[in-house]
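None of the figures in this text is laboratory data; all of them are computed from the coordinates on show. Owing to the predicted nature of the structure, the values given are computational and were not obtained by experimental measurement. Cβ: placed from backbone, ideal geometry, glycine included. Neighbour counts: every protein chain shown.
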C-alpha cells in the first residue's frame, strides 16, 4: 500500500509473497480441495477483473493484488470486500480527479476494504 502511494506500482516481489501466503493458507484450511477451490476462485477473479482491466480502470498491479486477496476470502466475503473496496476507491478518487490526476493508488482502497471486511465478518 505504501509503495503504491509513492510510485503507483505494486512490485512483483510483494505479489509473489502474497501468492505463496495464499497457497499456504488454502492448504492449511482445506488441504488439496482447498487448493483446488482457491485455484478456481483465483481463475474466476482474474478473468472478471481482467475484463475491467481492459478499460484501464485498474493497473496490472491492482489486478494481481485483487487476485491474491481473493485467496483469503470465501465467495461471500470476497464479494463484500470487492464492493467495499470499489466504494473506497470512488471516495479516494475524488481528490485525485479534482487535482487532474487520472491514476489513483487503488491498493489503498483494496486494503481499506479488506480491513472493513475482516472487522465485519
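Neighbour counts of C-beta atoms inside 10 Å place 67, 33 in the sequence 33, 67, starting with the fewest.
In terms of surrounding Cβ atoms within a 10 Å radius of their Cβ, 99, 9, 41 rank from fewest to most as 99, 9, 41.
Annotation for residue 40 and residue 8: the two label points, set 7 Å from Cα along the Cα-Cβ direction, are 3.9 nm apart. Each principal axis of the Cα cloud of the stretch 82-121 was evaluated for its coordinate range; sorted largest first, these ranges are 37, 13, 12 Å. Taking each residue as 0.36 nm, the span from residue 99 to residue 19 lengthens on full extension beyond its C-alpha to C-alpha distance by 25.3 nm. For the stretch 17-61, the Cα-based Rg and Dmax, in that order, read 12.7, 37 Å. Ordering 103, 64 from the fewest to the most neighbouring beta carbons within 10 Å gives 103, 64. Computed from Cα atoms alone, the Kirkwood hydrodynamic radius reported for the stretch 6-120 is 14.7 Å. Working note: 222 nm ellipticity from helices only, DSSP H runs with n ≥ 4, each -39,500 (n - 2.57), summed and divided by the residues of the chain, gives -27500 deg cm²/dmol to the nearest 500.
In the chain, the longest principal axis of the Cα atoms and the axis of helix 60-69 are about 40 degrees apart.
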